[in-house]
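The values are calculated or read from the model by the stated rules, or taken from the named source; none is laboratory data. Being a predicted model, the structure only gives us computed values, none of them experimental. Positions of Cβ are generated from backbone atoms using ideal geometry, with glycine treated the same way; all protein chains shown enter the neighbour counts. Accessible surface is based on the protein model in full, side chains and every heavy atom, while ligands, DNA and RNA are left aside. Shrake-Rupley method; radii C 1.70, N 1.55, O 1.52, S 1.80 Å.
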Amino acid sequence: LDMTVVEYITAFRIQKAKSLLRRGARISDVAESCGFSSDSYFTKVFRDSTGQTPAAFRVSEPREIE
């Protein structure tokens with residue numbers, strides 16, 4: 001693996017966030033559930049990781065049914 005522990009944990013948290021967003025969870029709830037200190041920091045990390053904001057991701061992805 002070519003990633004640090006921090007990069008691995010961040011990737012894991014972003015994958016969890018994507019799943020929650022696909023289920024229609026509110027961005028603030030996703031940020032909190034995934035351990036981010038604020039909505040704005042979550043949005044920054046998500047955008048850096050995926051190239052889009054959480055809101056844009058939610059619109060572009062098909063919704064999952066729980």
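What the table below lists for this structure:
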quantity: Inter-probe distance in nm under a simple model that places probes 7 Å from Cα toward Cβ, at VAL6 and THR43; calculated: 2.3 nm
quantity: Calculated from backbone phi, Karplus (6.51, -1.76, 1.60) coupling profile of the range 20-26 in Hz, x at Gly/Pro; calculated: 5, 5, 5, 8, x, 5, 5
quantity: Relative contact order of the chain, pairs being alpha-carbon contacts under 8 Å that are 6 or more residues apart, as %; calculated: 33 percent
quantity: Global form of the chain, assessed from the alpha-carbon gyration tensor, a/c cut-off 1.5; calculated: prolate
quantity: Accessible surface of the chain [probe 1.4 Å, protein heavy atoms]: carbon and sulfur percent; calculated: 53 percent
quantity: Accessible area per residue in Å² at 1.4 Å probe, computed on the range 1-62; calculated: 64 Å²
